[in-house]
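Here is the structure we will look at.
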Amino acid sequence: MKISIVIPVYNEEKTVAQAVRKVLALDLDKEVLIINDGSSDGTREALAPFESMEGVRVFHSPVNFGKGSTVRIGFAFATGEIVTIQDADLELDPRELLKLTVPIREGRADVVYGSRFMNSGRGGSLSFYIANRALAGLTNLLFGSRLTDIETCYKVLRRDVIPGLKLRASRFEIEPEMTAQLLKRGYKIIEMPIAYNARTKEQGKKISWHDGITAVLTLIEQRFWM
């Protein structure tokens, strides 16, 4: 089964080339879809060596639309039987995808999440940990699930699941939106533990407390009005 790996990128000139090389090194039948979301640093130049590579497609947006928009663009162009997302910041090791795809390849799952909080301690700052566990707890309360990490980048899906989702998010609210819709449509999400190398705001982490509030509102909206 071919896997489509969608890589949203915004101002990651220091890490994106290494992240893409790690993805390309995976022993998987794959295609790589890189969406440069209007970066204003040297990201475009860092991606130049990959634009002529077989199995790699690079898209450049003239403006910054947000992670949700880039993910939706990547999903629209994906042709693999399996689709996932890989951030360009090296917080997650692409080699984790080797195990995360196994339940789908074996026909045991339609969706697999890589959880940063299973069997691996806290991960990141205390406030980051509390916010993520609170969002997972709210999700479980609203949708009757038992998830530990809804904000994980590693959401691995059968591609035939995606057309049934009505994704509209432009920014980081794509994470709760996707999770809520998967749960509402009855897909069982299998979680597997992954390693996590958390970045700080000073190192370039872009998500903020504002995004946490938006995530809460998105979950409530998806539960009661969508």
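When residue 72 is evaluated against the numbered criteria (1) touching a strand residue (DSSP E or B) at 6+ places or on another chain (Cβ under 8 Å); (2) assigned to a helix (DSSP H, G or I), which criterion, by number, is the only one it fails?
(1)
Mind listing just one residue for me: the one in the stretch 148-197 that is in contact with a Phe, Trp or Tyr (Cβ under 7 Å, 6 or more places away or on another chain) and in a loop (DSSP other than H, G, I, E, B) and, of those, modelled with the lowest pLDDT?
Step by step, filter the stretch 148-197, then rank; the result is 170.
Among the residues of the stretch 111-131, what is the count of those that are part of a strand (DSSP E or B) and either among the β-branched types (Val, Ile, Thr) or without any contact (Cβ under 8 Å) to a residue 60 or more places away in the chain (or both)?
2
Go through the stretch 111-120 residue by residue and tally those that are more than 13 Å from the chain's Cα centre (by Cα) and either closer than 20 Å to residue 31 by Cα or surrounded by fewer than 16 Cβ atoms within 10 Å (Cβ to Cβ) (or both).
3
Specify which of the listed residues (33, 47, 138) is within 15 Å of the chain's Cα centre (by Cα) and either of a type in the set (A, V, I, L, M) or at pLDDT below 95 (or both).
33
Test residue 59 against the stated conditions and say whether it is outside any strand (DSSP E or B) and surrounded by fewer than 22 Cβ atoms within 10 Å (Cβ to Cβ).
No; evaluated as a whole, the condition is false for this residue.
What number of residues within the stretch 86-110 satisfy the criterion of being out of contact with any helix residue (DSSP H, G or I) (no Cβ under 6 Å at 6 or more places or on another chain), buried (at least 18 other Cβ atoms within 10 Å of the Cβ) and not in a loop (DSSP other than H, G, I, E, B)?
The qualifying residues number 4.
Taking the stretch 125-138, which residues are buried (at least 18 other Cβ atoms within 10 Å of the Cβ), of a type outside the set (S, T, N, Q) and out of contact with any helix residue (DSSP H, G or I) (no Cβ under 8 Å at 6 or more places or on another chain)?
128, 136
The values are calculated or read from the model by the stated rules, or taken from the named source; none is laboratory data. Remember, predicted model here, so these are calculated numbers, not experimental data. Neighbour counts run over all protein chains shown; Cβ positions are idealised from the backbone, glycine included.
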